[in-house]
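> My questions will all concern the structure given below.
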Amino acid sequence: MPKEPFLHRFSKALAPGTLDKYMLTQLLPPFVIALSVVMIALLLERLLVLLNLLAVGNSHLGVFLELVATLLPHYLGLAIPAALCVSVFSVIRRMSQNEEIDAINSVGISLLRIIRPYMQLGAALGVASFFLYGFVQPHARYEFRAAFYFASHAGWTPRLQSRMFGSPSADLTITAEEVTQGGSELHHVFIRDMTDHYERDITARRGHIRLAPDGSTVQIDLEHGTIVTDRPQDAPSITTFEHSTRFLTHASEVSPFRQRGDDERELTSPELVSRLVAHNPAISRPHMRSEVHFRLARSLTVPFIPMLAAALAIARKRQRGNIGLPLAFLIMVGFDHILQFGHSLVATRKASLLAIWGPAVIFILICATLLLYQSGMFSLIRARLRRHLPRPA
């Protein structure tokens, strides 16, 4: 019979079978849940800071949503490895406790073959992480800084203080007995308005300063007040109101934000490589080189996370407790911190590129060694070596 072409046999060997589909089906729900939980946990602290900033700056909800959207790529790069580790560990751990692993091994399928779809998924996520770290995150980092700049500089300045007079314009004077919320909430308000060449004296129980919906003007919403109008040729008039809105001034003009590229973390990987080749002096060369290798090292280690999780999830018989998951997190967190420390050392010329690639290679070797040990590969190699060794007399 004619021999099949190599590419055809290779694609046929990688085609997902029944076992692969079963393993991926078991992995999908815990992966989605773990990814959501990790993203929420990482975003929670930053969300509180953003909410406080926007509440003080009187910015609308659209600015908050824009800032959150620009934060997602950064935290997604941190959440994908953690979610992949947790989901693979939970699936393999459950299958080991239910003796599914033993049943599959009894028909001649090794642990390496069982987790093959997880390693393929890890490789796909590694490629996705390469594009995330090298293309999406630099643009998202710049967009977040630009949006944060405009959000923190928008609004009316200077802000009001209690029992102090402020003049948003030459014809307007405003004061309040009590000012809270960073100058946006006013109590017992007094406003003298001299526009239109006559005087209006406005008092109100409460006032709230905010940007108009279109962002072009700053307005104050007044509640439960009185307007005394004094025209030169007419008698003064008094008007009471439950709610009234007054425009204080135009929103402060914010100078344009700087161009993208002043920080190496805002440059995509091709831009970093092109600047390194062209010897661009705008950014320090060690910083750019360290950033390129740091992104590559993080991307190349993602496919080996399923090996680590699967190896630590296999439990011994009649063993109730298992420190596999805490140990996996300890290894991953320690590796990430060591990698970042090496990144800073290389960027400041205190170490060579070995400070980045050394921990990456050690992490890969640890993952591969643990998986080969749990799969019995070392025992098989030892048995084959003993078979070829001469027997003692």
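What follows draws every value from the coordinates through simple rules; no lab data is involved. Note that the structure is a prediction, hence the values are computed from the model and not measured. Here the Cβ positions follow ideal geometry from the backbone for every residue, glycine too, while neighbour counts run over all protein chains shown.
> In angstroms, what radius of gyration and Dmax does region 166-250 have, counting Cα atoms only?
Spelled out, the Cα radius of gyration and Dmax of region 166-250 are 12.8, 41 Å.
> Sorting Val88, Val107, Val37 on the 10 Å Cβ count, fewest up front, what's the list?
Details: Val88 29, Val107 6, Val37 14.
Fewest to most other Cβ atoms nearby, the residues stand as Val107, Val37, Val88.
> A further question follows. Where in region 219-297 are there chymotrypsin sites (Phe, Trp or Tyr not before Pro) that are in a DSSP coil and have at most 15 other Cβ atoms within 10 angstrom of their Cβ?
Taking region 219-297 and a limit of 15 other Cβ atoms within 10 Å, the loop chymotrypsin sites (Phe, Trp or Tyr not before Pro) found are Phe257.
> Here's something else I'd like to know. Tell me, what HN-Hα J-couplings in whole Hz come from the Karplus equation 6.51 cos²θ - 1.76 cosθ + 1.60 at θ = phi - 60° for each residue of region 201-209, using x for Gly and Pro?
So the J values, rounded to whole Hz, are 10, 10, 10, 8, 6, 9, x, 9, 8.
> Each residue of region 24-34 in turn: what ³J(HN,Hα) in whole Hz from Karplus with 6.51, -1.76, 1.60 and θ = phi - 60°, glycine and Pro shown as x?
Per-residue couplings from phi come out as 5, 5, 5, 7, 4, x, x, 5, 5, 5, 5 Hz.
> Label points 7 Å out from Cα along the Cβ direction at Thr195 and Tyr22: separation in nm?
Placing both labels 7 Å beyond Cα along the Cβ direction yields 7.5 nm.
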